[in-house]
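The values are calculated or read from the model by the stated rules, or taken from the named source; none is laboratory data. Predicted model, so just to flag it, every value in this text is computed and none were measured. When we count neighbours, we look across all protein chains shown, and the Cβ atoms used for this are built from the backbone with ideal geometry, even at glycine. Remember, those area values only see protein heavy atoms, side chains included, never the ligands or the DNA or RNA. Shrake-Rupley method; radii C 1.70, N 1.55, O 1.52, S 1.80 Å.
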Amino acid sequence: MQEYTILEMGSLLRAGKLTAYQLVSDYLELIRVYDPPLRSVIEINPEAFEIAKARDAELAAGQDRGPLHGIPLLLKDNIDTADGMQTTAGSLALEGNIAPRDAFLVEQLRKAGAILLGKTNLSEWANFRSTKSTSGWSSRGGQCRNPYALDRSPCGSSSGSGVAVASNFCAAAVGTETDGSIVCPAQTNGIVGIKPTLGLISRSGIIPIAHSQDTAGPMARTVADAALLLGAMTGVDERDAATSQSVGRFETDYTPFLDKDGLKGARLGVARNFLGKDKRVEKIFEHAIQVIKSLGAEIVDPANVDNESKYEKSELEVLLYEFRADLNAYLAEHPNAPVKSMQEVISYNEQNRARVMPYFGQERMEQAIKKGPLTQKRYLKALEKNQRLSRQGIDSLLDKHRLDALIAPTGCPAW
């Protein structure tokens, strides 16, 4: 069961050979037996069986909501669900935070008939609490571990989602990314992750780092499953103005675009300046390039992103400014949150240092709290620089080599 794709599970559900209730029961048993050393799942939805019964009854009555009907999914614990589950970003400072309403992407998943099985562990505050954070560790969930080697990093911040999918604890999961937090745990745990274009999936109801880079995205075992999950989460949300830019451009089903021969004739550039110095990674990377080439792609090597190193400092500047502003805005909309501002989070962490900060501190938060409003020239100048250089770097590279896409390894830690 655990290796079935979403479409295979759906086919069995519709044929009456499997029920959503059985799926939930089987996944929860796998979590109970195998997850304790992995710590990928931080909380189970107490309503999961109830929802499964309802989805089974709908199918029996001929009410089919689509490919995700009756399919159990896991969500990263920074995505709001207005149910019996908390939303804490892995922080004890937010323990007890029950969201007043679902995140927009959760509303979409419920409409699609998905079963929200539970929440996944993550790097606390999406890996943006400290300059010395441990990837995959949170004060609420403990250390998430790589399922293939327990002493290796699962990569963050969507570590729990990546590990849970790789360990067959769900059909697929949702992660979030600011800078590498979907793609890094996806590649580290051997699954598929997609960071969508900003505005394709609503950011409302997600504990933020920075609105100029944050987005949720699918994490799954296959490209087809990731495409199904991506389409189910899209849509225009009045609570997130960025989604208005996707009008007429988003799809609710991306599976028609899947093409097993899609690499034939494609021109792909190799961004070698992202590679690093680990010979083991380099060996795997070179093998992947040869596999892609054997499938018909034309490889342009090298095709380096020249501007990549020119906005590291300005990117961090923007993230710090937006972290303070966006987190304060999120907390103001959550009356059940035990802390009401970033300053209160910092104070809570100091007062509970032994439990919250046994391994590393909160330097990022301490840097962010010193930043002013988003009208300050320093912030605006850094934001403009980031957007200009990133566009120029990629656009000029694609034009110069007439590329369809770039191939690059991911880095760690990720936000």
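Quick rundown of the values:
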| item | result |
| --- | --- |
| Low-density loop cleavage sites - chymotrypsin sites (Phe, Trp or Tyr not before Pro) in the stretch 276-359, where at most 16 other Cβ are within 10 Å (DSSP) | TYR359 |
| Normalised contact order of the chain, rounded percent, pairs of Cα under 8 Å and 6 or more residues apart | 17 percent |
| Trypsin sites (Lys or Arg not before Pro) lying in DSSP loop within the stretch 37-142, provided at most 15 other Cβ fall within 10 Å | ARG101, LYS132 |
| Accessible area in square angstrom per residue, the chain, 1.4 angstrom probe | 45 Å² |
| Calculated Rg and Dmax of the stretch 49-197 using C-alpha coordinates, Å | 15.6, 54 |
| Gyration tensor verdict on the stretch 12-59 (Cα atoms; rounded if a/c is under 1.5, prolate if a/b is larger than b/c, oblate otherwise) | oblate |
| Carbon + sulfur, % of accessible area of the stretch 281-414 - ligands and nucleic acids excluded, 1.4 Å | 52 percent |
| DSSP H segments from the chain that extend 24 Å or more along their own axis, Cα-based, with Kyte-Doolittle mean of -1.0 or above | 312-332 |
| The stretch 11-103: C-alpha gyration tensor shape, a/c 1.5 cut-off, then a/b vs b/c | oblate |
| Two-decimal ratio, the chain, of alpha-carbon radius of gyration to 2.2 N^0.38 Å | 0.97 |
| Selected from ALA232, ALA61, ALA171 as most flexible by GNM, with the chain as the system and alpha-carbon contacts under 10 Å | ALA61 |
| Between the stretch 111-171 and the stretch 238-307, the Cα center-to-center distance that results, in Å | 24 Å |
| Candidates LEU316, LEU13, LEU38: whichever shows maximal mean-square fluctuation once the chain is modelled as a Gaussian network with Cα springs under 10 Å | LEU316 |
| Whole-percent carbon and sulfur share, accessible surface of the stretch 126-236, 1.4 Å | 51 percent |
| Among VAL305, ASN349, PRO335 - extreme Cα towards positive end, dipole of the stretch 278-368, charges at beta-carbon | ASN349 |
| Gyration tensor (alpha-carbon) shape descriptor, the stretch 314-415, a/c threshold 1.5 | prolate |
| Trypsin sites (Lys or Arg not before Pro) within the stretch 250-299: DSSP coil, no more than 12 neighbouring Cβ in 10 Å | LYS260, LYS264, LYS277 |
| Net length gained if the chain between GLU3 and THR131 were fully extended (0.36 nm per residue, minus Cα distance) | 42.3 nm |
| Carbon plus sulfur fraction of accessible area for the stretch 1-85, probe 1.4 Å, in percent | 51 percent |
| Cross-link pairs beyond the 21 Å C-alpha cut-off, checked among LYS195/LYS264; LYS17/LYS53; LYS132/LYS313; LYS310/LYS381; LYS340/LYS370 | LYS195/LYS264 |
| Overall dimensions of the stretch 85-148 by Cα: Rg and Dmax, Å | 13.7, 40 |
